[in-house]
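In what follows, a single structure is set out as structure tokens and then discussed.
The values are calculated or read from the model by the stated rules, or taken from the named source; none is laboratory data. Everything numeric here is computed off the predicted structure, so don't read it as measured data. Note that we place each Cβ from the backbone using ideal geometry, even for glycine, and neighbour counts take in every protein chain shown.
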């Protein structure tokens, strides 16, 4: 996504009590702050100044316009002076966009030698924002509160995080998830109430017959397949048996055909996320491996075994991380290393791990799968990068959704894994191996997660706050 296609509105509150000169200064200062934010390299979306609001009618009208704007993803509010909060009640009742309450003031320091009552009347955010925040709390308005001088880097970073999350929330409300077949039979955690999810988050989940997808796959041209295989050779170290004229060349042809077919289907239906399952592959010759890996790398959400919640979550986390170093991937806690001195988790899956989480060499290989009853699938094999990360799970508990986050340390992969032809990551859960795993189990976390190398806890806290989600943080 191009984040500059989106904007947040900077709305300053005041009142007519102070006279035209003061209101003129309020507008000048607000314009300067909004322009500073808009020009900052730290804030990826547009920040648009809106005229200072001074009456209940002006407030309600501005917030209604924010609701109606297709490019506005949120509003930043600031009380330069005292803005009686009862004026905001009707507007806040109508507001449908995320809100950030900025508690700042135009001047960084108090001019002790010259300060007078004119200065005090103009620069009274310290008490104007308290009036506003009290009402927000009384009305139970979910918001992010950012405190500090508007030129401070940590203030800009907090606005950056919130604005990225707000774009993702905006996209999530109209997102479509295609579910090719149902979920894996008899599995609990990948199930859930799709109607409740749409009521809560806005995204829709619907099943689409695998046969319809197969029609798209079979219509892919040989010329497009040849072009994609050339791309495979350019980007990856392709296994010798997959090269033209070798015994498994037909496997890479079919893998490319599947990737192009899925992509065409998603584009035709305006889907930005999807799921599939190895138990429903009727008409397909192999389980999509490299196809799902590369589509994730292109920004699509994905969940294996019909896991639509993780698929949707991955898509919006990829939106949040647009342009950032590091990656986000569908992930599964696969097996444990309970060494007393160096415990760790091996994260992997049969096939579908996104190559965005590695900066190292990626090989394109074909191997037997031993599950699904189809031809040997082509997949990308690599080691994930080390560094701080988070594992995020969205679960349906029946009467509510819960977001569970475990802070982890990604480890450098030094082992060779000569007999494990999958992509993989090693990490240590925080606060410790045993305690991290215990708390995850007790919180009801899923075995599928989104593994993120570039999103901090703050991103997910903002996401949970906007949707009023129950949040569990482990670490």
Residues of the stretch 322-345 that turn out to be closer than 20 Å to residue 292 by Cβ and surrounded by 19 or more Cβ atoms within 10 Å (Cβ to Cβ), as a count: 7
In the stretch 232-274, residue farthest from residue 286 (Cα to Cα) [restricted to those that are under 28 Å from the mean Cα position of the chain (by Cα) and exposed (fewer than 12 other Cβ atoms within 10 Å of the Cβ)]: 270
Strands (runs of 3 or more DSSP E) contained entirely in the stretch 326-429, each with at least 1 residues that are under 24 Å from the mean Cα position of the chain (by Cα): 328-337, 344-348, 378-381, 387-396, 401-411, 424-429
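I'm trying to understand the selection: among the residues of the stretch 438-475, which are in a loop (DSSP other than H, G, I, E, B) and out of contact with any helix residue (DSSP H, G or I) (no Cβ under 8 Å at 6 or more places or on another chain)?
Correct list: 444, 445, 447, 454, 468.
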Condition broken by residue 36, with the remaining ones in (1) at pLDDT 95 or above; (2) in contact with a strand residue (DSSP E or B) (Cβ under 6 Å, 6 or more places away or on another chain) satisfied: (2)
Qualifying residue in the stretch 277-300 (condition: on the phi < 0 side of the Ramachandran plot, touching a helix residue (DSSP H, G or I) at 6+ places or on another chain (Cβ under 8 Å), at pLDDT 95 or above and in a strand (DSSP E or B)): no
Enumeration of residues in the stretch 184-205 that are in contact (Cβ under 8 Å) with a residue 12 or more places away in the chain and either assigned to a helix (DSSP H, G or I) or out of contact with any helix residue (DSSP H, G or I) (no Cβ under 8 Å at 6 or more places or on another chain) (or both): 184, 185, 187, 189, 191, 193, 194, 196, 197, 200, 201
Unmet criterion (only one of (1) in contact with a helix residue (DSSP H, G or I) (Cβ under 6 Å, 6 or more places away or on another chain); (2) over 22 Å from residue 352 (Cβ atoms); (3) crowded, with 16+ Cβ neighbours inside 10 Å) for residue 384: (2)
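Got a sec? Which strands (runs of 3 or more DSSP E) wholly within the stretch 53-150 have at least 1 residues that are under 19 Å from residue 24 (Cβ atoms) and touching a residue at least 60 places away in the same chain (Cβ under 8 Å)?
Once the strands (runs of 3 or more DSSP E) in the stretch 53-150 are filtered for at least 1 residues that are under 19 Å from residue 24 (Cβ atoms) and touching a residue at least 60 places away in the same chain (Cβ under 8 Å), what remains is 72-79.
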Search result, residues across the stretch 10-48 that are under 29 Å from the mean Cα position of the chain (by Cα) and free of Cβ contacts under 8 Å to residues at least 40 places away in the same chain: 34, 35, 38, 39, 41
Some residue of the stretch 24-34 being within 29 Å of residue 170 (Cα to Cα), touching a helix residue (DSSP H, G or I) at 6+ places or on another chain (Cβ under 6 Å) and buried (at least 19 other Cβ atoms within 10 Å of the Cβ): no
